[in-house]
There are 2 protein chains.
Amino acid sequence: MDKISIIKLTVITKTNLKRVLIVGAGFGGLRAATALRSEPIEVLLIDRNNYHLFQPLLYQVATAGLEPEQVARPVRGILRGQENFRFLTAEVEAIDFPARRVITDRGDLTYDYLILAPGAESNSFGLPGIAECALHLKDLDDAVQIRNHILRCFERATWESQNDLPQAWLTFLVVGGGPTGVEMAGSLAELVQYLRSGEFHSMGLPRARIILAEMAQRLLPEMQTSSSKAALESLSGKGVEVWLGRAVRAYDGFKVEFDHGEYLEARTLIWAAGVSAAGLLQRLDVPHGPLGRVAVLPTLQLEAHPEVYVIGDGAYIPAQREEALPMMAPVATQMAERATANIRRDLRGQSQAPFRYKDPGRLATIGRNAAVAEIGRLRFRGFLAWVVWLVVHLIQLVGFRNRLMVLISWAWEYLTYERAVRLIQGRLPAVSEAEVPGECS
Amino acid sequence: MDKISIIKLTVITKTNLKRVLIVGAGFGGLRAATALRSEPIEVLLIDRNNYHLFQPLLYQVATAGLEPEQVARPVRGILRGQENFRFLTAEVEAIDFPARRVITDRGDLTYDYLILAPGAESNSFGLPGIAECALHLKDLDDAVQIRNHILRCFERATWESQNDLPQAWLTFLVVGGGPTGVEMAGSLAELVQYLRSGEFHSMGLPRARIILAEMAQRLLPEMQTSSSKAALESLSGKGVEVWLGRAVRAYDGFKVEFDHGEYLEARTLIWAAGVSAAGLLQRLDVPHGPLGRVAVLPTLQLEAHPEVYVIGDGAYIPAQREEALPMMAPVATQMAERATANIRRDLRGQSQAPFRYKDPGRLATIGRNAAVAEIGRLRFRGFLAWVVWLVVHLIQLVGFRNRLMVLISWAWEYLTYERAVRLIQGRLPAVSEAEVPGECS
């Protein structure tokens, strides 16, 4: 099919209004769209998916605790009432800044203002086999793939033979001791415990191992050492082996190589060791900061193209580099508010104001009844931190229905210990394919 | 990978007990497994998926009303407490009756008694393009694929151009006026109405058409004419165009050809016009009845292999052919009870007893507040029939959690009219792939 020409797209253009084009329906993009709801402009949002994804709970989808539909909501549904809002699904391929035009796989779109909020992607730092053979956790399909893979490992291990050591099928390595890795390992330990005790107990399987490897000497390096210690204790109590000071060098789908020449046989490697800005941002011909993030002015504008704003995981403010901005939802939403306020100021002929981050604190959960929290000067852990974590995440979920469904799922799991969503979805691949995770060949 | 030899599988075999091997975890297979829970035998169930699927609600998954996880439950979870039960995921490829051995893609398994309950599959009667280009509705992946496709048609239609008539993108043809086709068309009409009114209303789209084509001169041919009339009225009221006496001859993903040489441009054809016994049964070297069903004795045994029972959609009893046995859950579960009772009798040296079907009645729903019911001599329709339909289906769903989640989803939809599960899941295919439904090339 030929690309649809720009002329044809005037069908969906209110030509007399200025257009703010927003790329990405994550926390930043959504907030930007709603913040502009009362302006006499056209707000056009593009995303490759037709839904907003609540990434902080993605690991619970990957470990069969929540359903994919519970952590995602259709964008059109979220912004159903907003008159000046349009949405299109498309993959942005490039941006023609001089022509103020975004090039997508579906056609081109022009803009008066552009807000880039495409988020981050998994970063394997060029390590051999990680991109292809490891499992990553950035989108909904990743999460379903991890769930499928873990459950399939158990199914596969039941068909054990002498030639094929089933221990490798039941060795689950999580790499990266940040919040994602810690949450993933804790939740995975609970799932495996549930499966082992009631469903595969008579199948003659070996012990399942869950290993969390972190390059640094402590878990949660961005948090206080007391939180690191608490996380380590909680995970050990759940039977997770925590390997500190251990970096992965390569993986081939069967064997993990560590930096001191050690090896581990594991059919599962979940990569939570790093992210970088979305590929789209990395490919732009603009100044970049670390991890492929785009360097912006404190006003979040591109210096050479002041009508372009970059927000969220992919933005880097060189002038404020002493303040490390984590790739977290609060940064994205606060940036969205700043960028849209600056667009409103520009429309009214006012000057641009700089972004200032207000840190709401940090939370990480390690599973049932266990979490660590750092809010302002407060540090707490255990059951109270876990309840705070639950409430904060429920509130942030978009849509009452999703909140209700997630709450019921959590209550169910809490009372029954059941990980209910244990379906291996998707056409079952042939045996040879199922043997290797990811796109590893 | 080489096939795992039989010897290796002794690991999972209690060698001193007789083994009942059940193929298929549908209504029949599950009921058979639970019916044998107190017997001193080994019950081994095989299915290609690790979950039991509640097929009667599959069309609601396809039309974004329910989540896939709500109509399916992991088999290991359902039978968690049953001591004599084992489960394996595998695809059965063939059966070696003389050796009493089932050949799967994972290895071979022996049996003392075999219960075949693999169900039915979509039957395109060899019509050109139907198998490849039409959408079918037999398993969970089919349902998600239909949901993805319908939503993608709307997304795609928003990128309309002069060369590409968007009407074909918004023309949805359902073929087959049985309960599945009627339910699908009614539910699809409600989904389309919801999308059109609130989410795509400003996109300049043409009217969406939903057409239900049935070869016979009335809908629901297996039910009373009053029910047929009620279904026709309800569907017309929802804006569905019902074409009676119209048979499809071919489809290429773009254009439907009807038997009188008429054509319809439609990018969606949902095939609900026929099923046949599962391919496994059709390939067996045994006597067959119509639609590839296996001919069995009134005791449900194969005449040549009395240790083999066939139950459910794939069974045909020539001696009782005057009684048409529909491919429905009640037939499968009643047959499962007969077959397992006969196995128990055989173990005790008693003679086999014949199967007798007790018809619990028929129900079909056409959407919100509308259904038709025939229970014994009772005939009713409208709101009351709809409530009966809801209650019957909720009760039949396996597991309290699924019942609760489905009940909430239904209540939510009833109160808000929202079809909440409108996610296009799965890696977004390239533009050219997304253009054609199914595996049509």
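Taking the criterion of being facing another protein chain (nearest Cβ under 7 Å) and either in a helix (DSSP H, G or I) or basic (Lys, Arg) (or both), the residues of segment A:48-85 that qualify are A:ARG48, A:PRO68, A:GLU69, A:ARG76, A:GLY77, A:ARG80. Just one of (1) assigned by TED's automatic domain parsing to the domain that holds B:TRP410; (2) among the small types (Gly, Ala, Ser); (3) in contact with a Leu (Cβ under 7 Å, 6 or more places away or on another chain) trips up B:GLY382, so point out which. B:GLY382 satisfies every listed condition except (3). Selection over segment A:101-119 of residues that are in contact with a helix residue (DSSP H, G or I) (Cβ under 9 Å, 6 or more places away or on another chain) and not in a loop (DSSP other than H, G, I, E, B) gives a count of 7. Selection of segment A:248-283 for residues being of a type in the set (Ser, Thr, Tyr) and closer than 15 Å to A:ILE210 by Cβ yields only A:THR268. Of the listed requirements (1) over 24 Å from the mean Cα position of the chain (by Cα); (2) within 14 Å of another protein chain (Cβ to nearest Cβ), A:ASP105 misses just one: (1).
Residue-by-condition table, conditions (1) at positive phi; (2) outside any strand (DSSP E or B); (3) touching a strand residue (DSSP E or B) at 6+ places or on another chain (Cβ under 6 Å):
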position	(1), (2), (3)
B:HIS260	no, yes, no
B:ALA273	no, yes, yes
B:SER276	no, no, no
B:GLN282	no, yes, no
B:LEU291	yes, yes, yes
B:PRO298	no, yes, no
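Take A:TRP243 and decide whether it is surrounded by 14 or more Cβ atoms within 10 Å (Cβ to Cβ), touching a residue at least 40 places away in the same chain (Cβ under 8 Å) and not basic (Lys, Arg). When the stated conditions are applied, A:TRP243 does not pass them.
Every test in (1) part of a loop (DSSP other than H, G, I, E, B); (2) out of contact with any helix residue (DSSP H, G or I) (no Cβ under 9 Å at 6 or more places or on another chain); (3) closer than 28 Å to A:ASP47 by Cβ is passed by B:TYR194 save one, and that test is (1).
Apart from one condition, A:VAL392 fits all of (1) touching a residue at least 24 places away in the same chain (Cβ under 8 Å); (2) touching a strand residue (DSSP E or B) at 6+ places or on another chain (Cβ under 7 Å); (3) surrounded by 18 or more Cβ atoms within 10 Å (Cβ to Cβ); (4) not assigned by TED's automatic domain parsing to the domain that holds A:PHE27; the exception is (3).
What is the residue count in segment A:318-361 for residues that are within 22 Å of A:PRO221 (Cβ to Cβ) and assigned by TED's automatic domain parsing to the domain that holds A:ILE41? Residues in segment A:318-361 being within 22 Å of A:PRO221 (Cβ to Cβ) and assigned by TED's automatic domain parsing to the domain that holds A:ILE41: 13 in total.
Selection of segment A:86-100 for residues being part of a loop (DSSP other than H, G, I, E, B) and at the interface with chain B (Cβ under 9 Å from one of its Cβ atoms) yields A:ALA90, A:GLU91. I'm told A:ASP139 meets every condition in (1) surrounded by fewer than 19 Cβ atoms within 10 Å (Cβ to Cβ); (2) within 29 Å of B:VAL75 (Cα to Cα); (3) among the charged types (D, E, K, R) except one. Can you identify the failing condition by its number? Condition not satisfied by A:ASP139: (1).
Checked against (1) over 20 Å from A:ALA385 (Cα atoms); (2) among the small types (Gly, Ala, Ser); (3) in contact with a Gly (Cβ under 7 Å, 6 or more places away or on another chain); (4) in contact (Cβ under 8 Å) with a residue 40 or more places away in the chain, A:ALA189 passes all but condition (1). Looking across segment B:400-415, the residues that are more than 8 Å from every other protein chain (Cβ to nearest Cβ) and either more than 22 Å from the chain's Cα centre (by Cα) or outside any helix (DSSP H, G or I) (or both) come down to B:ALA411, B:GLU413, B:TYR414, B:LEU415. Of all the listed residues (A:ALA339, A:ALA315, A:ALA373, A:ALA329), the sole one being surrounded by fewer than 22 Cβ atoms within 10 Å (Cβ to Cβ) and within 30 Å of A:GLY292 (Cα to Cα) is A:ALA329.
The values are calculated or read from the model by the stated rules, or taken from the named source; none is laboratory data. All of these numbers come straight from a predicted model, not from anything done at the bench. Note that we place each Cβ from the backbone using ideal geometry, even for glycine, and neighbour counts take in every protein chain shown.
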